[in-house]
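Just so you know, all these numbers are worked out from the coordinates, no wet-lab data involved. Treat the numbers as computed from the prediction; the structure is a model and nothing was measured. Neighbour counts run over all protein chains shown; Cβ positions are idealised from the backbone, glycine included.
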Amino acid sequence: MMPDRARIERLVPHAGAMCLIDAVTLWDAAHIACRCAEPGPMHPLAREGEVPAIAAAEYAAQATALHGALVDEAFEPRAGVLAKLIDVELQSPRFPANGGALTVRADILGRLASGCLYSFEVANSSRPIARGRLIVAFGPSAAP
């Protein structure tokens, strides 16, 4: 069952405008695919009306948090922090204007009690925006 927007907001560590994931289009134990609204000039991460492409890391981090919560059948986000970005490739300095809705895909590469490693790609309807890997470190009170 795909979570609705209200459940997504309960499962990621951000709410309101900072919850960047609008819908989950596909997920299983190994990966997640999400749909997000086109980032415009009023986006919470916009600077001078443009969203920097590095904001793709926040989209990916939220997708991984959501994936972990769905896999764990959790009712709230797990305590964790985006600890490291690895081999990130940005296709341009900012999200393109009028580029359309975004897709975010994250694939789990490894998971331990202390954290997890994912690969990710963020794209709009016509091209990739960013790809790379990220490490999430779990908080001390979190259980696997």
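Before moving on, here are some points about what is shown:
- Summing Cβ point charges (Lys, Arg +1; Asp, Glu -1) relative to the Cα centre of the chain gives a dipole of roughly 140 debye.
- Nearest 10 degrees, 0 to 90: helix 56-72 Cα axis against the chain principal axis: 30 degrees
- Every helix of 4 or more DSSP H residues in the chain counts as -39500 (n - 2.57), and over all residues that averages to -5000 deg cm²/dmol at 222 nm.
- In terms of packing, defined here as the mean over residues of other Cβ atoms within 10 angstrom, the peptides 26-34, 72-80 line up highest first as 26-34, 72-80.
- Potential extension, Ser126-Ala29 segment - 0.36 nm per residue separation minus Cα distance: 32.2 nm
- Structural descriptor for the chain: relative contact order 24 percent, calculated from alpha carbon pairs under 8 angstrom and at least 6 residues apart.
- Along its three principal directions, the equivalent ellipsoid of segment 5-138 from the Cα gyration tensor extends over semi-axes of 23, 16, 13 Å, largest first.
- Segment 58-115, Cα convex hull volume normalised per residue, Å³: 122 Å³
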